[in-house]
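Contents: one structure, followed by commentary.
The values are calculated or read from the model by the stated rules, or taken from the named source; none is laboratory data. What you are looking at is a predicted structure, and each value in this text was computed from that prediction instead of being measured. All Cβ positions, glycine included, derive from the backbone under ideal geometry; neighbour counts span all protein chains shown.
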Amino acid sequence: MAAISMSEDDLLVTVLDMAKRMGVMTAHFRAAQSKTGRWITPVQGDGKGFPDVVLVGHGGLLFRELKSAKGRLAPEQQLWLDALTTAGGDADVWRPADLTSGRIEAEIRAVRRPSTAKEPCRA
């Protein structure tokens, strides 16, 4: 299958739209440009490198870092993916090839499915 050219931002828009259409909740924390022209994402604690998007459905929870075909993980991003995976989370990287292969859609569909193993949290 031929690789498609897609930016991380385009991949993000596609993932968020796909998840919304499937009824999966998402969270993405967008960077903002400071007065000095620098791009920053305000976080506290160890937030630097946290995955781009969190997807939550009745069937589970996904943490995904989004990269272009040639994009590389920063050390902080790899630390987060490793820590989340070690803690039992489903953390990984999605690239444009994962969109064309159907992997992204399949993983979002899987997290959408109702799970009978856990009761919803009641506040």
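Listed conditions (1) out of contact with any Pro (no Cβ under 6 Å at 6 or more places or on another chain); (2) at pLDDT below 95 are all met by Val56, apart from (2).
There is no residue in segment 83-96 that is in contact with a Pro (Cβ under 6 Å, 6 or more places away or on another chain) and either under 24 Å from Asp17 (Cβ atoms) or at pLDDT below 95 (or both).
Would you call Asp10 surrounded by 15 or more Cβ atoms within 10 Å (Cβ to Cβ) and assigned to a strand (DSSP E or B)? Judged against the criteria, Asp10 is not a match.
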